[in-house]
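Heads up: the structure comes next, in structure tokens.
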Amino acid sequence: MRKQFLDLGKQPIANGFLYKDQRKNEYFFNLGVAFDEETKLITQTEYVDPPLMFNDEYVYRGSMSKTMRDHFKELSATLDPKAKVLEIGSNDGVFIKNFSPKNTIAVEPCSNFAKETQDMGYTTYPEFWTQELADKIHKIHGKQNIIFAANCICHIPDLNQTFSAVKSLLSEDGVFIFEDPSLAEVINNNSYDQIYDEHPHVFSVIALDNLLKRNGLQIVKVKNLKVHGGSNRIFAKKIDSKIDKTVEQNKSYERILGLDKFETFKRFAIRVEQSKNDLIQLLTRCKEEGKTVISYGATSKSTTVFNYCGIGPNLIKYITDTTPEKQGKLSPGMHIPVLSPGCLLEDGVDYAYLGAWNFIKEINEKEHKYLDNGGKFITHVPVVKIV
Ligand code: TMP
């Protein structure tokens, strides 16, 4: 049974950056979040139909930050270069470009990105991950040694089909490696903005192990990662494989945090509301003092924050983002203009809200002049504050 604990209100497509004349037709849905008593999964009460989010206009590019480019390069160096590798949700190829196109298959439903990896020489299936697709790939290419997915499995509403399709395509000793934001970190950081249409689930190791086991797989190792505000890299194999101690370590830590109990999430919902009130209060004060406040990084996370808190161009003058596909458009729902990053100093920016708070290290290095000259960042993670 699913029990709702959080209502993040009316939300648009988080990556649905739009032109002025598209505002009339904007799609909205109600973002409710629930706890599943049986599997312990945190999941949305209503799923947005995937083609509304993942299509030929998709704008999120995995390779936009050095942090992520380095992250995937590092992982690739630890994997067997001769392995047959398939990636689910290959985006602009930020992971697979570390492998030879000879043994590598990409699966990407956003056809604009599928075309890019195809042009780079990788066999690419411009489709959603389904059992039908796994069967087709099996027939043509045989079983795979490594199936990889980064920030993708938590995008897929039907986890049972996803995992059983993975199992059917994995070689006997093959490994399914996937990474997504960690529920433990969401609770620790109060980062409720990890929840948006594209993230219908936020995973604990406990819930994932329950769901994988139902489908003939089990977690054999867990690696805690810093990226995306704290993620877990899950290594899963067929049942009866050897299990590393990191699995029980993570599960027992999660039990200490109470991630297997509904009450934990009721308390989380109270902290989320507090965060909203604090952020509105801080931005309103900045406005009253005549300060210039912008937002740094037009992230999907900031779509959740701005729409939940009702923050629009009245409080945030504009958003900067390095992604060409987002520039010149308006942010989803609240319609704040998105511009290419200029110079915060020359623009007289006093405060920049960190939409991309998960890249704070990279941003601090890049913007040291702004900071040296008294410029400040605002974040809501783990609590609303000026940094
Ligand atoms: P993400 O948090 O969902 O990965 O999105 C990060 C967004 O922030 C992405 O659109 C790129 C953008 N970004 C910048 O505009 N400037 C930066 O310095 C960094 C690191 C990211």
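Extending 7 Å from the Cα toward the beta-carbon at both Arg69 and Ala83 defines two label points whose distance is 2.4 nm. In the structure displayed, which of Lys223/Lys326; Lys97/Lys242; Lys326/Lys366; Lys97/Lys245; Lys115/Lys223; Lys3/Lys301 lie more than 26 Å apart, Cα to Cα? Lys223/Lys326; Lys97/Lys242; Lys97/Lys245; Lys115/Lys223, as the Cα separations exceed 26 Å there.
With both labels modelled 7 Å from their Cα along Cα-to-Cβ, the Ile280 to Lys385 distance reads 2.4 nm.
For region 17-27, putting each phi into the Karplus relation 6.51 cos²θ - 1.76 cosθ + 1.60 with θ = phi - 60° gives couplings of 5, 9, 7, 3, 6, 9, 4, 4, 9, 5, 8 Hz, in residue order, rounded to whole numbers and with x for Gly and Pro. Residue-wise HN-Hα couplings along region 265-274, as the Karplus relation 6.51 cos²θ - 1.76 cosθ + 1.60 with θ = phi - 60° gives them from phi, are 7, 5, 5, 4, 4, 5, 5, 5, 5, 4 Hz; Gly and Pro carry x.
Based on DSSP H runs of at least 4 residues, each adding -39500 (n - 2.57), what is the mean residue ellipticity at 222 nm of the chain after dividing by all its residues, to the nearest 500 deg cm²/dmol?
Values: 12 runs with 126 residues, N = 387.
Taken over the chain, the calculation gives -9500 deg cm²/dmol.
Go ahead and set up a Gaussian network model of the chain, Cα springs under 10 Å, then flag whichever of Gln131, Gln144, Gln44 fluctuates most. Maximum fluctuation in the GNM of the chain, among the listed residues, is at Gln131. By definition, a body whose alpha carbon gyration tensor gives a ≥ b ≥ c is rounded when a/c is under 1.5, and region 271-387 falls into this rounded group.
The Kirkwood radius of region 1-147, taken over pairs of alpha-carbon atoms, gives through the Stokes-Einstein law at 20 °C and 1.002 mPa s a diffusion coefficient of 122 µm² s⁻¹. Taking amide hydrogens as placed 1.01 Å from N in the peptide plane, the amide H of Gln144 sits under 5 Å from those of Leu170, Ser171, each at least 5 positions away in sequence or on another chain. A Förster distance of 56 Å, applied to the separation of the beta-carbon atoms of Met1 and His368, puts the FRET efficiency at 0.65. From most to least packed by mean Cβ count within 10 Å, the peptides 72-83, 165-176 give 165-176, 72-83. 3J(HN,Hα) couplings calculated from phi for region 185-193 with the Karplus curve 6.51 cos²θ - 1.76 cosθ + 1.60 (θ = phi - 60°) are, in sequence order, 6, 4, 5, 5, 8, 6, 8, 5, 6 Hz; Gly and Pro show x.
Compared with the direct C-alpha span, the chain from Tyr47 to Leu257 gains 72.9 nm at full extension, assuming 0.36 nm per residue.
Note down the relative contact order for the chain as a percent, whole number, built from C-alpha pairs under 8 angstrom at least six residues apart.
Normalised by residue count, the contact order of the chain is 16 percent.
Projection of the Cα convex hull of the chain, averaged over all directions and equal to a quarter of that hull's surface, yields 18.5 nm². Kirkwood analysis of region 69-197, using all unique Cα-Cα pairs, places the hydrodynamic radius at 15.2 Å. Amide H contacts for His335 (H built 1.01 Å from N in the peptide plane; partners 5 or more residues away or on another chain; cut-off under 5 Å): none found. Accessible surface of Met64, taken over heavy atoms with a 1.4 Å probe and every protein chain present, rounds to 70 Å².
The values are calculated or read from the model by the stated rules, or taken from the named source; none is laboratory data. In this text the structure is predicted, and so the values were computed from the model without any measurement. No Cβ is skipped: glycine too gets one built from the backbone with ideal geometry, and neighbour counts run over all protein chains shown. Ligands, DNA and RNA are excluded from the accessible area calculation, which covers all protein heavy atoms including side chains. Shrake-Rupley method; radii C 1.70, N 1.55, O 1.52, S 1.80 Å.
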